[in-house]
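The values are calculated or read from the model by the stated rules, or taken from the named source; none is laboratory data. Being a predicted model, the structure only gives us computed values, none of them experimental. Virtual Cβ from ideal backbone geometry, glycine too; neighbours counted across all protein chains shown.
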Amino acid sequence: MDLAGKRVGVIGTGATAVQLIPEIVGEVAHLTVFQRTANYCVPLRNSLIDRETQDYIKSHYAEIIEQCLSTPGSFMHEFDTRSALAVSEEEKLEQYERLWAEPGFKKWLSNFYDIMMPGEANEDYAEFVRNKIRERVHDPEVAEKLVPKNHMFGSKRLPCESGYYEVYNRDDVLLVDVREDPIARLTPRGIQLESGSEYELDVIIFATGYDAVTGPLNLIHIQGIGGEVLKEKFANGPRTYMGMSSYGFPNLFTINAASVGNFPRSAEPLVEWVTDAIAHVRDSGHNRITATPEAEEAWVQHMKDDSENILRTQADSWFVGANIPGKARVLLTAPDTAPVMRAKRAEVVANGYEGFSLD
């Protein structure tokens, strides 16, 4: 769509909007951003990759992949094993600033380990990030609207941005706080808020998120033994064994609920595991494999018990399905690290596919 010269409204300020807004702002006549929740958006710092670096990466694929497999989130970064509370203020800020200048996810995945845990260290780093936002937005009132105050750093997926906050220094950009004054309706002219304020728009972009993990499965009518429908079974949250098999649905493997952190890197060994499991079923003269009800119940309880105090469950986000009206609020992906999940799957195999029934 050609947005040139148009009055454009964007609903949402999550990952999609944060990437989209800087790209279209120079094209449109006026941009109005409707924000419900401010996020901790961190600078991506993308740059051209020189030939020497490209050659190094290509010649070290195996080592890079192995490194990813060894880390909690399947990324190339290792946490600093020190606490942010155990070093001097000067040393702490030096590390914060040094990593802030780095590209990608180092800012948090190479930082002090406890900034990604609920508590004092997390709040300390959150305030560091809030101040970075304040430094980039000229109008203090607008800056405060963009500063997240109702959730912990990292409790929601962190949007990565390139020039996002500078957009709000432009005269042709308006930020509207719809937590303070919610959207009431769409009108023939644009968007009207509950207060009666109306914003005239030519184009509205909905950057409002998606139904993660179980959402795609729920769009498919998957019927198991006895006519049970997977969507109905998952109505109060996913019921699986290790996130990948559900009792009553033989030969059905899912990978999204069993992946952790960097999904492509986490999913690849999982797919290899599933491939080996299918081969085992075939080679052992069986036709079907499914989780046992006991193993499924134990995993559901593990998900509940181990998710209560981790960062991903501390905010209303897609991590727990809270972005979808009516969806049960439960952790949708495994609470364990990627290496722990691989070790558990290896143990299942070593114990003769423990927790599965083959027939």
Quick check: is even one residue across the range 43-58 closer than 24 Å to Arg130 by Cα and in contact with a helix residue (DSSP H, G or I) (Cβ under 7 Å, 6 or more places away or on another chain)? no
Applying the selection to the range 16-68, what residues are under 30 Å from Leu175 (Cα atoms) and among the acidic types (Asp, Glu)? Glu23, Glu27
Hits in the range 191-213 - residues which are touching a Lys or Arg at 6+ places or on another chain (Cβ under 8 Å), of a type outside the set (A, V, I, L, M, F, W, C) and surrounded by 15 or more Cβ atoms within 10 Å (Cβ to Cβ): Gln192, Asp202, Asp211
What are the residues in the range 234-247 that are in a loop (DSSP other than H, G, I, E, B), out of contact with any Leu (no Cβ under 8 Å at 6 or more places or on another chain) and surrounded by 19 or more Cβ atoms within 10 Å (Cβ to Cβ), if any? Arg239, Thr240, Met242, Gly243, Tyr247
Criterion violated by Ile205 - all others in (1) closer than 24 Å to Val18 by Cα; (2) touching a residue at least 12 places away in the same chain (Cβ under 8 Å); (3) in a helix (DSSP H, G or I) satisfied: (3)
If you go through the range 129-142 one residue at a time, do you hit one that is crowded, with 18+ Cβ neighbours inside 10 Å and under 18 Å from Ser317 (Cβ atoms)? yes
Of all residues in the range 269-293, count the ones that are of a type outside the set (Val, Ile, Thr), in contact (Cβ under 8 Å) with a residue 40 or more places away in the chain and surrounded by fewer than 17 Cβ atoms within 10 Å (Cβ to Cβ). 7
Reported set for the range 47-91 where residues are part of a helix (DSSP H, G or I) and either polar (S, T, N, Q) or touching a residue at least 24 places away in the same chain (Cβ under 8 Å) (or both) is Thr53, Gln54, Ser59, Ile65, Gln67, Cys68, Leu69, Ser70
Scan of the range 92-106 for residues that are in a helix (DSSP H, G or I) and within 14 Å of Lys132 (Cα to Cα), ordered by number: Leu93, Tyr96, Glu97, Arg98, Leu99, Trp100
Kindly indicate whether Val348 is aliphatic (A, V, I, L, M), assigned to a helix (DSSP H, G or I) and either outside the structural domain of Val300 (by TED's automatic domain parsing) or surrounded by fewer than 16 Cβ atoms within 10 Å (Cβ to Cβ) (or both). no
Among the residues of the range 8-46, how many are in a loop (DSSP other than H, G, I, E, B) and either polar (S, T, N, Q) or closer than 20 Å to Asp202 by Cβ (or both)? 10
Which of the following residues is among the hydroxyl-bearing types (Ser, Thr, Tyr) and under 30 Å from the mean Cα position of the chain (by Cα): Thr187, Thr214? Thr214
Criterion violated by Ser317 - all others in (1) surrounded by 12 or more Cβ atoms within 10 Å (Cβ to Cβ); (2) under 19 Å from Phe249 (Cα atoms); (3) of a type in the set (Ser, Thr, Tyr) satisfied: (2)
Note on the range 208-233: residues more than 30 Å from Thr13 (Cβ to Cβ) and either in contact (Cβ under 8 Å) with a residue 60 or more places away in the chain or outside any helix (DSSP H, G or I) (or both) are Ile220, His221, Ile222, Gln223, Gly224, Glu228, Val229
